[in-house]
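Engineer: I am attaching a structure below and will ask some questions about it afterwards.
Throughout, read-outs are computed from the coordinates displayed, never taken from laboratory work. Values in this document were obtained by computation on a predicted structure and should not be read as measured data. Quick reminder, even Gly has a Cβ in these numbers, built from the backbone with ideal geometry, and neighbours come from all protein chains shown.
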Amino acid sequence: MSRKTENRAYQIGDYWLSKQARSDVWCRTWYDPNSRQTRRSSLREEDFELAKQKLTDWFVLQHSKPTQEIAQATIAEIFARFYEHHGQTLVSARDVKRNLNYWLDFHEDATVDEAANQQQQTKFRDWLHKTRGMSLASVRTCLLIGKSALNWAWKRGEIAQIPYIPLVKPPKPEPKGRPLEVDEVVKLFAHAKQQHIRTLMAFMIGTAARTGAMLDMTIDQIDIERHLIHLNPEGRPQNNKFRPTVKLPSQLLEYAAERSKEVSGSMLISFNDKPVASVKTSWRKLVSDCKFNGNVQTYSFRHTVARWMRMQGVPAWEVAAQLGHKAPDFTTTEIYAPFDPTYLSKAVAAIDDFFGLVACELRVKTISEYLLNEA
């Protein structure tokens, strides 16, 4: 129980301000019942008002309050404790802090009930979107972070109920690149003058991988013996953009075997024997030369292969596995799945069929032949 004394300069809960003899610095002071002694911890502050604020802030952060109705609890106190005990431990701590501050900038010292008022929430969303110029996706993120903080407080028993915080639905983003027809892919290969661009296109079709995965890839990630391509480099942690292990199409086998003779660690996509960080400039010129309409990006190959596989009757789960949409748990069975002869067999067969059509138009037997002839 808090024991307040009239001559204490300032007290909150069981803690108060005091000074030690011959010192101008204020201390956080409390009574320790175990040792039956008064304890002190310096606040390193001589100004009384600033010391009061420091003690108050410390108490708010360190001590959860008994369950409060949302009409009494303030979002400032809840957000402070949420960030101190949870938010700052997250990888996205900087974003969490910034978005919590948006809530506080707008709602100031409002209670949870006041901040969650539907009319107030509408004004808050408009303020974020129109006044601050945030996209609807960013507004949604801000609302989610505030909502997470309130849920956290409820789970800890700090507030009696979870207020309803309506979210916004951002517009569906435009695809990163439209799918391509076979004749368009042929045209890209025919107009591509740089070998690293031709190689990039071939392996993006052969794997349906994202551009970044291709630019990061070394020759060592191709297992010629087992006909596998490990899209995730050894030692790289997987993230939401999962990089699976996929089958090496037979159309690329000869080229991959030739490249495997290079020094270990050599990049699959290189220019003048140096890694390629971006192909944006070269790609813009190639698309311009082909006079394509619509949004044609390197990502178009991923959409093209996904669409082609479904057109060829490849099961949905194989398409998802090829694209890395479903990151598996790393059980023993799933670790060794790529070594199953039937692993992604329908997906790689469909990709080889697509390559066959392109190779025929380029007047070569395989895409490997085309790449080796152009090298």
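Engineer: Given the convex hull of the Cα atoms of the chain, what is a quarter of its surface area in nm²?
Structural biologist: For the chain, the mean projected area of the Cα convex hull comes to 28.7 nm².
Engineer: Let me ask something else about it. What whole-number distance in Å separates the alpha-carbon centres of segment 233-251 and segment 131-170?
Structural biologist: 35
Engineer: Taking +1 at the Cβ of each Lys and Arg and -1 at the Cβ of each Asp and Glu, which of Ala320, Gln297, Pro233 sits farthest along the dipole of the chain towards its positive end, judged by Cα position relative to the Cα centre?
Structural biologist: Going by the Cα projections, it comes out as Gln297.
Engineer: Here's something else I'd like to know. Give the shape of segment 77-197 as rounded, prolate or oblate, defined through the alpha-carbon gyration tensor: a ≥ b ≥ c are the square roots of its eigenvalues, a/c under 1.5 means rounded, and otherwise the shape is prolate if a/b is larger than b/c and oblate if not. Kindly include the intermediate steps, with their values, before the conclusion.
Structural biologist: Numbers: a/c = 3.32, a/b = 2.44, b/c = 1.36.
Since a/c reaches 1.5 and a/b is larger than b/c, the shape of segment 77-197 is classed as prolate.
Engineer: Next up: What share of Cα pairs, in percent, lie more than 30 angstrom apart in segment 182-374?
Structural biologist: On the way: 2634 of 18528 pairs.
Cα-Cα pairs of segment 182-374 separated by over 30 Å account for 14 percent.
Engineer: Further, regarding this structure: State whether segment 7-63 is rounded, prolate or oblate according to the following rule on the C-alpha gyration tensor (a ≥ b ≥ c being the square roots of its eigenvalues): a/c under 1.5 gives rounded; otherwise a/b larger than b/c gives prolate, and the remaining case gives oblate.
Structural biologist: On the way: a/c = 1.87, a/b = 1.13, b/c = 1.65.
Oblate shape, in that a/c is at least 1.5 and b/c is the bigger or equal ratio.
Engineer: Here's a follow-up. Quick check on my link table: of Lys187/Lys261; Lys187/Lys247; Lys193/Lys291; Lys176/Lys274, which ones sit more than 24 Å apart, alpha carbon to alpha carbon?
Structural biologist: Values: Lys187/Lys261 30 Å; Lys187/Lys247 26 Å; Lys193/Lys291 16 Å; Lys176/Lys274 27 Å.
Correct reply: Lys187/Lys261; Lys187/Lys247; Lys176/Lys274.
Engineer: How would you rank 82-90, 125-133, highest first, on the average number of other Cβ atoms within 10 Å across their residues? Provide the component values of the computation, followed by the final result.
Structural biologist: Working: 82-90: 16.1, 125-133: 14.1.
My ranking of the peptides, most packed first, is 82-90, 125-133.
Engineer: At a 10 Å Cβ-Cβ cut-off, how would you order His325, His107, fewest neighbours first?
Structural biologist: Least crowded to most crowded, the residues run His325, His107.
Engineer: Which one of Thr199, Pro175, Ile159 has its Cα pushed farthest toward the positive end of the charge dipole of segment 147-211, where Lys and Arg give +1 and Asp and Glu give -1 at the Cβ?
Structural biologist: Ile159
Engineer: Now for a different question. Report the charge-dipole magnitude of the chain in Debye, nearest 20, computed about the Cα centre from +1 at each Lys and Arg Cβ and -1 at each Asp and Glu Cβ.
Structural biologist: I would put it at about 700 debye.
Engineer: So, one more: Would you mind working out the magnitude of the charge dipole of segment 47-181 relative to its Cα centre, with +1 at each Lys and Arg C-beta and -1 at each Asp and Glu C-beta, to the nearest 20 Debye?
Structural biologist: Using only the charged Cβ atoms, the result is roughly 660 debye.
Engineer: Here's a follow-up. If you place +1 on the Cβ of every Lys and Arg, -1 on the Cβ of every Asp and Glu, and leave all else neutral, what size is the dipole of segment 174-331 about its Cα centre, to the nearest 20 Debye?
Structural biologist: Roughly 580 debye for segment 174-331.
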